[in-house]
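First up is the structure itself, then whatever we jot down about it.
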Amino acid sequence: MKETPYELFEQYLQNTLDTEAERAFYEWVNASNENKQLFFEFKFWKEAGNESKEIDIEASWQRLLAKQDPAPARTGSFLNYSFLKYAAAVALVIVGTLLYLLIFSNKDNTPATLYITGNTTKADQLVLPDGTNVMLGPNSTFSLAPAFNDKQRVVYLKGEALFNVSQNKEKAFIVKTALQDIQVLGTKFNVQAYPNDLYYTTTLLEGAVSMTTKGLREKAILKPNQQLIYNRKSNSQKVQVVDANRYASWVEGYYYFADQTLNEILSRLSHIYGFSFQIENPALATKKFTGTFRKEQSIDDILAIIKISIPITYTFTNNNIIIK
């Protein structure tokens, strides 16, 4: 193989790889998570219109040629990788205006205020009466209880939101989803709870939260960098240790997937881009992928990146994407 990794990268992005070069490209990229990240960094630079910077890939390339085991993947937050310094030049502008603001009567138990976000790649920012900051994800519904900030601070969420709760030891802050209640006093956490999703996920960045789930007796107490995943189908939940900042990176324009199945990834992408997905080969649904996507990327570009690790083909039919 005469091509260098840089040449393979260029040819892949230009769709000009021959059969032998394509095999070498996929073999090298899939040799380690480190190689995937190096390719994504190169791709980001090319898309930004820059000349490729020096990327230390020679050692990994030589390992592949020598049929040696690749070095372990680098650890640490995606947000610390060098290419994010340059992403700041195209940082998202966080808008504070929602697509809809509907005011309801405070009689009975109807919400006092209902916020609905649309199919957008930008986060909507809310500042609640108590000073709490809420970043709403796409296709989400958020509302305040009529007596918000009276004895308690109760809000309702269908979708995804990052909360930075103003501290008030006298008034608990409670987030109610379709199946869970999340109670805090002052903390920062991310909630992903779309009503029809299989999994509800709560990730704690700062402070502490107490959670109750319908059908489960025991409360769950989360500490920073812990994540609770609830499975609606099995009515079970688990707590795991994560890098919590990665799961809040969507407000800065990045969606992070950590060893998640194709089915889980497509479910989240459906909320972001408004497409529905149909996986025709059941074996593909459980294939796993790790990576980070930028909100500015098209769905076609994201599927092309997934294809590097998972052997998929896809076709578009209106707002439906068929995966084979």
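Read-outs: derived from the displayed coordinates by stated rules, not from any lab. Nothing here was measured: the structure is a model prediction, and the numbers come from that model. Cβ: placed from backbone, ideal geometry, glycine included. Neighbour counts: every protein chain shown.
Label points 7 Å out from Cα along the Cβ direction at T212 and I312: separation in nm?
Roughly 3.9 nm, to one decimal.
How compact is the stretch 253-324 by the rule of thumb for globular proteins, expressed as Cα Rg over 2.2 N^0.38 Å?
The value comes to 0.99.
Using alpha carbon centroids, what distance separates the stretch 294-320 and the stretch 197-255, in Å?
27 Å
Can you compute the modelled spin-label distance between Q240 and N320, with each label point 7 Å from Cα toward Cβ, in nm?
Result: 3.2 nm between the two label points.
Taking 28 Å as the cut-off for C-alpha to C-alpha distance, list the pairs among K171/K233; K295/K324; K151/K223 that go past it.
On the way: K171/K233 34 Å; K295/K324 24 Å; K151/K223 25 Å.
The answer is K171/K233.
Apply the Kirkwood formula to the stretch 200-324: the hydrodynamic radius equals the inverse of the mean of 1/r over all pairs of different alpha-carbon atoms; give it in Å with one decimal. Mind dumping the intermediate values first?
Numbers: mean 1/r = 0.0623 Å⁻¹.
16.1 Å is the Kirkwood radius here.
Grab the Cα-Cα distance for D150 and E170, subtract it from 0.36 nm times how many residues apart they are, and report the gain in nm with one decimal. If you can, show how the numbers build up before the last one.
Numbers: separation 20, 0.36 × 20 = 7.20 nm, distance 1.01 nm.
That pair, D150 and E170, stretches by 6.2 nm at full extension.
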